[in-house]
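The values are calculated or read from the model by the stated rules, or taken from the named source; none is laboratory data. Just so you know, these numbers come straight off a predicted model, no measurement behind them. Positions of Cβ are backbone-derived with ideal geometry, glycine not excepted, and every protein chain shown enters the neighbour counts. Areas reflect the complete protein model, heavy atoms only, side chains present, ligands, DNA and RNA absent. Shrake-Rupley method; radii C 1.70, N 1.55, O 1.52, S 1.80 Å.
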Amino acid sequence: MKAEICESSDHGHSPLSPSMYGSLALERAARLFRALGDEARLSLLVRLSQREACVTEIADASGEGTSTISQRLRLLRSEGLVKRRREGKHLFYSLVDDHIQNLLANALDHSQENHRRNL
């Protein structure tokens, strides 16, 4: 019995091709996924997807220290996931763009669907 070839169009998405992206883009994407791979940082990004917030607000809401939150935000900013703006003595952080918002939503939706399928 011969196995059928599965077409990516059968699954509702277009195929990605390595030739579409250079090695620099792949390297940056890998760094982005490493930054997203920590539950505390991911939770922080989800919080920022709702609205911008300053370090103090985030620390108070999470029950963690401002230095811990600042360290996470520094890493997320260095990977291009969040941006900041200064207002007086306060730094306000938000997601850098809708790509990050969509990436978070897709990842969380996928994880919930995958969990339901495996029940």
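Below, the figures for the structure above:
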item	result
Meets criteria (loosely packed, with under 11 Cβ neighbours inside 10 Å, outside any loop (DSSP other than H, G, I, E, B) and modelled with pLDDT of 95 or more) for residue 67	yes
Those residues of the stretch 75-109 which are open to solvent by 60 Å² or more (accessible area, probe 1.4 Å), without any contact (Cβ under 8 Å) to a residue 60 or more places away in the chain and within 18 Å of residue 41 (Cβ to Cβ), in sequence order	75, 77, 78, 83, 84, 97, 99, 101, 102, 106
Those residues of the stretch 50-64 which are small (Gly, Ala, Ser) and either open to solvent by less than 40 Å² (accessible area, probe 1.4 Å) or in a helix (DSSP H, G or I) (or both), in sequence order	53, 59, 61, 62
Subset of the stretch 70-111 (residues that are part of a loop (DSSP other than H, G, I, E, B) and touching a helix residue (DSSP H, G or I) at 6+ places or on another chain (Cβ under 9 Å))	79, 80, 81, 96
